[in-house]
Amino acid sequence: MLLALHKPYGVLSQFTPEPGSKWKTLADLAPRLPPRVYPLGRLDADSEGLLLLSDEPGLNTLLLDPRHAHEREYWALVERVPGDDALARLAAGVKLSDHACAPLKVRRLAEAESTALPPRDPPVRFRKNVPDTWLSLALHEGKNRQVRRMTAAVGHPTLRLLRWRIGRLTLADLGLLQNAGAWRELTRAERDSVFAT
């Protein structure tokens, strides 16, 4: 079984709570997820979007090992308006303190794309005198807090982060975009879209 979940903000990508944590877990979602499924990869509690879960052994490696080149696309709301130089630095692969990121695809989102997103609960802090911009970043890696660390490294901290796509399958394709916390099982065609390279 392969499930797609629109993971909401404030939920850990695990079923067991962490001692002293303020965050909810996947076990707190309603409707409840089926027993014996586990997340394929993770999204931080302060990130949202497409999270896959399965009870099938081996899918984690197939999906997440960089050798298989499964692209994941993130939409990041960043502080200020990145210039072409900042976008070029992101595209080339940012050097972080512990990792040299691989090159990736980056672009500014069209207004029609970003306005289709539901508001976050709680809302992102609004600053009247500091503009923000939505970026799309498509990459094959998944290091800890990588997108946030990359945008910060080029001077544009991430304010909101949503995983939009895995392989060729998007939250919108699944009908889950407007329903944070909702999930459903993938069809055969949708599974094929996830694993397409």
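The values are calculated or read from the model by the stated rules, or taken from the named source; none is laboratory data. Treat the numbers as computed from the prediction; the structure is a model and nothing was measured. When we count neighbours, we look across all protein chains shown, and the Cβ atoms used for this are built from the backbone with ideal geometry, even at glycine.
Cβ contacts < 6 Å: first residue under 11 Å from Val106 (Cα atoms), restricted to the stretch 137-152; second residue basic (Lys, Arg) and not in a loop (DSSP other than H, G, I, E, B), any location; separation 6+ or different chain. Result?
Ala138/Lys105
Within the stretch 21-40, which residues are over 13 Å from Leu3 (Cα atoms), surrounded by 10 or more Cβ atoms within 10 Å (Cβ to Cβ) and either touching a residue at least 40 places away in the same chain (Cβ under 8 Å) or basic (Lys, Arg) (or both)?
Of everything in the stretch 21-40, those that are over 13 Å from Leu3 (Cα atoms), surrounded by 10 or more Cβ atoms within 10 Å (Cβ to Cβ) and either touching a residue at least 40 places away in the same chain (Cβ under 8 Å) or basic (Lys, Arg) (or both) turn out to be Lys24, Leu29.
Please verify whether the stretch 139-156 includes one or more residues that are in contact with a strand residue (DSSP E or B) (Cβ under 9 Å, 6 or more places away or on another chain), part of a strand (DSSP E or B), farther than 19 Å from Arg42 by Cβ and not assigned by TED's automatic domain parsing to the domain that holds Ala45.
No, every residue in the stretch 139-156 fails to be in contact with a strand residue (DSSP E or B) (Cβ under 9 Å, 6 or more places away or on another chain), part of a strand (DSSP E or B), farther than 19 Å from Arg42 by Cβ and not assigned by TED's automatic domain parsing to the domain that holds Ala45.
Scanning the stretch 2-45 for residues that are of a type in the set (Ser, Thr, Tyr) and in a loop (DSSP other than H, G, I, E, B), which turns out farthest from Thr61 (Cα to Cα)?
Ser21
Which condition does Ala112 not pass, out of (1) modelled with pLDDT of 90 or more; (2) surrounded by fewer than 18 Cβ atoms within 10 Å (Cβ to Cβ); (3) not in a loop (DSSP other than H, G, I, E, B), if it passes all the others?
For Ala112, the exception is condition (1).
Among the residues of the stretch 61-78, count how many are surrounded by 21 or more Cβ atoms within 10 Å (Cβ to Cβ) and of a type in the set (Ser, Thr, Tyr).
Of the residues in that region, 1 qualify.
Tell me, please, whether a residue that is touching a residue at least 60 places away in the same chain (Cβ under 8 Å), surrounded by 14 or more Cβ atoms within 10 Å (Cβ to Cβ) and either under 17 Å from Val81 (Cβ atoms) or not acidic (Asp, Glu) (or both) can be found in the stretch 123-132.
Looking for residues that are touching a residue at least 60 places away in the same chain (Cβ under 8 Å), surrounded by 14 or more Cβ atoms within 10 Å (Cβ to Cβ) and either under 17 Å from Val81 (Cβ atoms) or not acidic (Asp, Glu) (or both), one finds none in the stretch 123-132, hence no.
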